[in-house]
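Taking it in order: structure first as structure tokens, then the write-up.
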Amino acid sequence: MRRHAVSTEPGVSTVIPRRAGVLGSPVRHSLSPVLHNAAYTALGLAGWHYDTHEVDAESLPEFVHALGDEWVGLSVTMPGKRAALAVADEVTQRALAVEAANTLVRLPSGGWRADCTDVDGVAGALRAAGGLRSGEGRTAVVLGAGGTASAAVTALGELGVADVHVVVREPARAQATTEAARRAGLAVSVHRWAEADFGALATGAQVLVNTVPPEAVAPHVGELAAVPCVLDVIYHPWPTPLAEAVTARDGRVATGLDMLLHQAFGQVEQFTGRPAPREVMRDALREATGGVLPLPLD
């Protein structure tokens, strides 16, 4: 566990400032500072502060290498997740599996360890929704094949999913996601969006992860709502047509806001060396977003 105060003379303690932040572009509207600063306050970490930094993929290595010893960790959002992986001195197995990192943690040597707590975000959101539990061999459908989809298939593997159907506009662009799925032990099938039988896919699936915009999914929500548990990574505006259709059929729904919350728990714990104050973080995020979503904890 990191020390955050030292004694300069008997009976006197001096707080050592610690910094963390989120890198991305655009990043000004990130809700990560709400989560992390609430956690630091709840943990009594005086002098700790987390803020946003407009940093793209090209400038990320220079930014990271210039940081002083007071920096304990970084969250990384788009477009810098692959650059974060490349700048790290150590890389976790799941970051290697996803081929991207949303977390950089300062090592005692002064270098950085890359991790992907996006996997925790997907798994935690699905567990909190009550629709999928670890160890249950199931079939999943993932719409889209970007970075979130790669984290999603990795999480689905951890949850015991055996087969995944990836639906994309152009199958050639799904290589990263299909490779991540295979590394997670999943049997993977890729379907071209224009040719996919959404009704058949939904009927055979127990979980659906949607990573594409609502307007792309809208023509198919009637079929896709048959899936009993859905993670729709969009959370603004809410509810999406897909979420409304699933709810109307008494299905379970998780959101991108649930993902954001659950991925932040692991970041806080890696940055501070302490258990994340999960309820405090949840309540802070709920307040910051006007209570639009319940944000259940798993």
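The values are calculated or read from the model by the stated rules, or taken from the named source; none is laboratory data. Here the structure is a predicted model, which is why all the values come from computation and not from measurement. We place every Cβ from the backbone using ideal geometry, glycine too, and count neighbours over all the protein chains shown. Protein only, heavy atoms only, side chains kept; ligands, DNA and RNA dropped before computing areas. Shrake-Rupley method; radii C 1.70, N 1.55, O 1.52, S 1.80 Å.
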Over segment 83-231, what is the mean sequence separation of C-alpha contacts under 8 Å (at least six apart), divided by residue count, expressed as relative contact order in percent? 21 percent
Mind listing the long-range amide H neighbours of residue 252? Cut-off is under 5 Å, sequence gap 5 or more, other chains count too, H placed in the peptide plane at 1.01 Å from N. 229, 230
Answer with one residue from 221, 281, 144: the one whose Cα lies farthest towards the positive end of the charge dipole of the chain, charges on Cβ with Lys, Arg +1 and Asp, Glu -1. 281
In nm, to one decimal, how far is the residue 96 label point from the residue 46 one, both placed 7 Å along Cα→Cβ? 4.3 nm
Here FRET efficiency (C-beta to C-beta, residue 287 to residue 16, R₀ 41 Å, nearest 0.05) is 0.90
Using helices alone, I'd like the mean residue ellipticity at 222 nm for the chain: each DSSP H run of four-plus residues gives -39500 (n - 2.57), total over residue count, nearest 500. -10500 deg cm²/dmol
5 angstrom amide H check on residue 161, placed H, neighbours 5+ away: 138
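Once you list every other residue whose beta carbon is under 14 Å from the beta carbon of residue 83, what net charge do they have if Lys and Arg are +1 and Asp and Glu are -1? Don't skip to the end; give the middle numbers.
Working: positive: 81, 82; negative: 56, 58, 62, 99.
Local net charge: -2.
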Whole-Hz Karplus ³J(HN,Hα) for segment 192-207, in order, using 6.51 cos²θ - 1.76 cosθ + 1.60 and θ = phi - 60°, x for Gly and Pro? 6, 3, 5, 10, 6, 8, 5, x, 5, 4, 5, 5, x, 10, 9, 8
With a Cα-only, solvent-free Debye model of segment 120-255, what are the log10 I(q)/I(0) values at q = 0.11, 0.21 Å⁻¹? -0.31, -1.30
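Determine the relative contact order of the chain: mean sequence separation of Cα pairs under 8 Å and six or more apart, normalised by residue count, in whole percent. It would help to have the intermediate numbers written out before the result.
Working: 638 pairs, mean separation 50.6, N = 298.
Relative contact order for the chain comes out at 17 percent.
So if I place +1 on the C-beta of Lys and Arg and -1 on the C-beta of Asp and Glu, and nothing else carries charge, what would the dipole magnitude of the chain be about its Cα centre? I want it in debye, nearest 20.
Details: 24 positive and 32 negative charges, 84 e Å.
For this selection, approximately 400 debye.
How much length, in nm to one decimal, is gained on full extension between residue 218 and residue 62, taken as 0.36 nm per residue of separation minus their Cα-Cα distance? Walk me through the numbers before you get to the answer.
Values: separation 156, 0.36 × 156 = 56.16 nm, distance 4.17 nm.
The residue 218-residue 62 span can extend by a further 52.0 nm.
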Give a residue-ordered list of calculated ³J(HN,Hα) values for segment 274-286 (Karplus: 6.51 cos²θ - 1.76 cosθ + 1.60, θ = phi - 60°; whole Hz; x for Gly, Pro). 10, x, 5, x, 4, 5, 4, 5, 4, 5, 5, 5, 4
Length gained, residue 236-residue 248, 0.36 nm per residue minus C-alpha separation, equals 2.4 nm
Expressed in Å to one decimal, the Kirkwood Rh of the chain from all distinct alpha-carbon pairs is 19.8 Å
Cα-projected label distance for residue 29 with residue 274, points at 7 Å along beta-carbon direction, nm: 3.2 nm
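Report, to the nearest whole %, how much of the accessible area of the chain belongs to carbon and sulfur atoms, 1.4 Å probe, protein only. Intermediate results must be reported in sequence, preceding the final value.
On the way: 6550 of 12880 Å².
Carbon-and-sulfur percentage of accessible area, whole number: 51.
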